[in-house]
Amino acid sequence: MTVITILITVFIFGLVITVHELGHFTAARLNDIKVEKFAIGMGPKIFKWGKGETEYSLRLLPFGGSCTMDGEDSQSESSRAFNKKSVPRKMIVIVAGAAMNILLGLVLNVVYCAMTSEITVPVYDEPHVNSPSYAAGLRPGDEIVNVNGMAIFTLDDLQYKLATAKTKKFSVTVKRGKEKIEFNGIEFASEQSVRYVRNDEKDMYAPFFTYEPETGAYLPEGLISDTSKRRRLYYFDEELGEYVRIAFNDKQAELTQSKIFENNSPIDFYVGTLPNNPGTVVSQAFKRTVTVGQIVWFSLIDLLRGEYGLNEMSGPVGITSVIGQAVTPEVSFKDNFMMVLNILIMITINLGIFNLLPVPALDGGRFVFLTVEGIRGKPIPPEKEGMVHLIGIGALLLLMVVITFNDIRQLFK
């Protein structure tokens, strides 16, 4: 974890939080609601400014923010108070923060797509030799639109579904021309795992490989004849009963601590591409935004089902670690920038969707109270609503402490 990765993380969270709070602030002003305080960050104030009705401040901890409105958590008699506005207007103000986060994700997706040389799409383009999916009926030009009940908008959707599924057989719906065709029991050939190995571990695998000093490659005899794949190295794993790809890469080994990773990315066919032009950039940006939202939603459902534990959740410390692994001097500035941009897109859309969950203290929880107010024709007493949100804040802070502790523990493993 370097100073640069810490600064990048602070910038990412600062931008996402600022955009979120500006959503609330702008919506409040447009609905003639008095904003008393606007803060970026939490904790003690670093400095403040503003001589009008609103106090602006930057606070010490760069995670979190607030947009405090008159009559938001209490009863005010002012005509510009939050509590004096109609339920629809209050709903707009509450959801505006999350909406701005998702809008930011869309704008950044436009930038990301515009920077790519070509746009990959979930179209079955060219099958590999002996491809099981081709044998089952998929053909070049088929647009994959659904896998096991999950809508497929982009290649990321397809990769996510195939990587997280607990089955090796899939129900696949494709669009072939104007016709939709459904296939059941489709299998995709895939690599089982990847092992990154440090230099000092190479001798352990010496019996399996022939070393070529001029290329620095370890070639498993009889397994690979294509010289273009010399760095796709394999050994036979007795436990799995098959060959496993192995890569000698000191940087990856250092970052991953030589762990074995499951890698179920499909390799039995190539996907299609689209030319990079304004039309494809905009349409793909919309699709990527929907994709991220869909993946976040399914991930939350899996979390509630117990599919993931605390070890799979990350807070600011964990995200800083991920950025440190993603940003490396070995690749170009453009590739590093696009990697950070992708992380920023995921975080801002994630924050937008998470804030809309019907959980006390979140915007979604406040929206639920406003819905009840609209049905009853009168608001729930502020002290009772405040108590519910206070409990929610306490629970969320406790969760953040646990996640942060786990992130720090992972750093020292």
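The values are calculated or read from the model by the stated rules, or taken from the named source; none is laboratory data. None of the values given here were measured: they were computed from a predicted structure. Cβ atoms come from the backbone with ideal geometry, glycine included; neighbour counts cover every protein chain shown.
Going through (1) at pLDDT 90 or above; (2) under 18 Å from the mean Cα position of the chain (by Cα) one by one, PHE25 falls short only on (2). Report yes if some residue within segment 30-51 is under 26 Å from GLY105 (Cα atoms), in contact (Cβ under 8 Å) with a residue 40 or more places away in the chain and among the polar types (S, T, N, Q); otherwise report no. Looking for residues that are under 26 Å from GLY105 (Cα atoms), in contact (Cβ under 8 Å) with a residue 40 or more places away in the chain and among the polar types (S, T, N, Q), one finds at least one in segment 30-51, hence yes. When restricted to residues that are in contact (Cβ under 8 Å) with a residue 24 or more places away in the chain and among the small types (Gly, Ala, Ser), segment 139-159 contains 2.
Criterion applied to ALA136, ALA98 was being in the same structural domain as GLY377 (by TED's automatic domain parsing) and either closer than 30 Å to GLY185 by Cα or out of contact with any strand residue (DSSP E or B) (no Cβ under 9 Å at 6 or more places or on another chain) (or both), and the one residue passing it is ALA98.
Scanning segment 137-192 for residues that are among the small types (Gly, Ala, Ser) and under 19 Å from LEU300 (Cα atoms) turns up GLY149, ALA151, ALA163, ALA165. Consider segment 170-185. How many of its residues are farther than 15 Å from PRO140 by Cα and in contact with an Asp or Glu (Cβ under 6 Å, 6 or more places away or on another chain)? Final tally of qualifying residues: 0. The single residue among LYS51, LYS45 that is in a loop (DSSP other than H, G, I, E, B) and among the charged types (D, E, K, R) turns out to be LYS51.
When GLY97 is tested against (1) without any contact (Cβ under 8 Å) to a residue 24 or more places away in the chain; (2) assigned to a helix (DSSP H, G or I), just one condition goes unmet, and that condition is (1).
Among the residues of segment 111-168, those identified as part of a loop (DSSP other than H, G, I, E, B) and polar (S, T, N, Q) are THR116, SER117, ASN130, SER131, ASN148, THR154, THR167. Of the set (1) modelled with pLDDT of 85 or more; (2) closer than 17 Å to PHE63 by Cα, all apply to THR404 but (1).
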